[in-house]
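Working notes, structure below.
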Amino acid sequence: MTRFTGFALGTDQEEWCARLRALAAERLRPLAEKGEPGRVNRPLLAALGEEGLLGRVFTSGALELCLLRESLAYGCTEAETALALQGLGAYPVLRSGSDAQRERWLPGVRAGRTVAAFALSEPGAGSDAGALALEAVPEGGGGGSGRGDRGWRLSGEKCWISNAPEADFYTVFARTGEGPGAKGVSAFLVPADRPGLSGEPLDMLSPHPIGALAFDGVPVGPADLLGEPGRGFRVAMDTLNLFRPSVGAFAVGMARAALDATVAHTAARTAFGGVLGDLQAVAHRVAEMATRTEAARLLVYAAAEAYDADARSPQVPRRAAMAKLLATETAQYVVDHAVQLHGAAALRRGHLLEHLYREVRAPRIYEGASEVQRTIIAKELYREAREMRETQEAQAAQEVGEA
């Protein structure tokens, strides 16, 4: 694909996005409508696999992933979410799994036959991922030393887990105790049929499959590790740094759908002797919606470009946080104002904006709430300021010594 220039997409990128929007509306939307809210839609996943879109999640750069998610979200939010959840659950396997793990699980994920899930959050550890309590106790004891030469037993709970309890495997983060906080967390690939693992669905505002998991001495061995013991937090952050900008792209897709619907509605709906769009109060509000949406879109693309240029750059977490923050907050603003300008019709069950109004709220919370993103941004800004000050002080001391 032609690379993004910073201000506009290339022609081939625009054409690809248009094809994705058409695919979402014509093939994926009917499958989504046949699904049961709050349940994994396996026919929809299979269609995503047949179209090759699930495979692209694992071969695309961050920018292409953003374009994919934005385009699908515009035409079918359920398809976008199904694709993103597959990527979120399986990306740690791609990046940190063994050859055996990748060969066993990823072909099914790409084909839409195998459902993956990312199991990080807990009842008492949502935004503070370093406070995980799910415990991995070494077989034969070990007193929390983290050593699991003969394996571990997982005990505890996970909550707000997308695709639970219907997933075929879970990327699970548990405390193995190599160190305090995040330094003592390991990542495991846990098949859903492991003894001691159970779950239940949760009835949520958004129509996504979300549930809770209970681990009652679930056995895992060294072959189930994703990466090294005690390095699980890095596995989680590698995944989230990639997917956070694309959460913003999901939000931008919803905002653009709401904006387009609002422009069409206010250009045609008559009121007070003219159309709604002739009223300055309406026109100015639509202009504000469009401006915020465009700003969010560009920030998302910039964050994705930064990731593609150097995923390990210290600026990536800040850019990803900015993109997710602005895009999800903007989408909430745009959808809310779109509902207001449509009036009562937008509140009717089945209306596009009624659907988007339920969908748009969750992204401001999951994969790091807006408050967490602000904390990340501020932390990185002050870190850079501290490093600059220390560099300046060292240079001044060197100059004094040379004098």
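You will find that of S246, S186, the residue that is touching an Asp or Glu at 6+ places or on another chain (Cβ under 9 Å) and under 23 Å from P165 (Cβ atoms) is S186 and no other. Checked against the criteria, D12 does not count as surrounded by fewer than 17 Cβ atoms within 10 Å (Cβ to Cβ) and farther than 30 Å from E294 by Cα. Within this structure, E354 fails the test of being within 22 Å of A8 (Cα to Cα) and acidic (D, E). Exactly one residue out of V190, V282, V218 is β-branched (V, I, T) and assigned to a helix (DSSP H, G or I): that is V282. When residues in region 221-240 are screened for being of a type in the set (G, A, S) and part of a helix (DSSP H, G or I), 3 of them pass.
Contact map, region 355-369: first residue touching a residue at least 12 places away in the same chain (Cβ under 8 Å) and assigned by TED's automatic domain parsing to the domain that holds A261, second residue aromatic (F, W, Y) and outside any loop (DSSP other than H, G, I, E, B), Cβ cut-off under 8 Å, separation 6 or more or different chains; pairs are P363/F250; Y366/W160; E367/F243.
Is one or more of the residues making up region 48-66 over 20 Å from F243 (Cα atoms) and either surrounded by fewer than 24 Cβ atoms within 10 Å (Cβ to Cβ) or outside the structural domain of L94 (by TED's automatic domain parsing) (or both)? For region 48-66, residues over 20 Å from F243 (Cα atoms) and either surrounded by fewer than 24 Cβ atoms within 10 Å (Cβ to Cβ) or outside the structural domain of L94 (by TED's automatic domain parsing) (or both): present. Take the residues in region 163-187 that are surrounded by fewer than 24 Cβ atoms within 10 Å (Cβ to Cβ) and within 20 Å of the chain's Cα centre (by Cα); name whichever of them is nearest to Y91 (Cα to Cα). Step by step, filter region 163-187, then rank; the result is D168. Go through region 153-180 and give me each residue that's assigned to a strand (DSSP E or B), touching a residue at least 60 places away in the same chain (Cβ under 8 Å) and of a type in the set (D, E, K, R). Across region 153-180, the qualifying residue is only R153.
Of E384, E294, which residue is assigned to a helix (DSSP H, G or I) and closer than 30 Å to R95 by Cα? Sole residue among the options that is assigned to a helix (DSSP H, G or I) and closer than 30 Å to R95 by Cα: E384.
Number of residues in region 244-297 that are touching a residue at least 24 places away in the same chain (Cβ under 8 Å) and over 27 Å from E80 (Cβ atoms): the value is 2.
Yes or no, residue by residue, for (1) surrounded by fewer than 16 Cβ atoms within 10 Å (Cβ to Cβ); (2) over 15 Å from the mean Cα position of the chain (by Cα); (3) aliphatic (A, V, I, L, M):
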residue: L23; (1), (2), (3): no, yes, yes
residue: L31; (1), (2), (3): no, yes, yes
residue: L72; (1), (2), (3): no, no, yes
residue: T81; (1), (2), (3): no, no, no
residue: A119; (1), (2), (3): no, no, yes
residue: D128; (1), (2), (3): yes, yes, no
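The values are calculated or read from the model by the stated rules, or taken from the named source; none is laboratory data. Not measured: the values here are computed from a predicted model. Cβ: placed from backbone, ideal geometry, glycine included. Neighbour counts: every protein chain shown.
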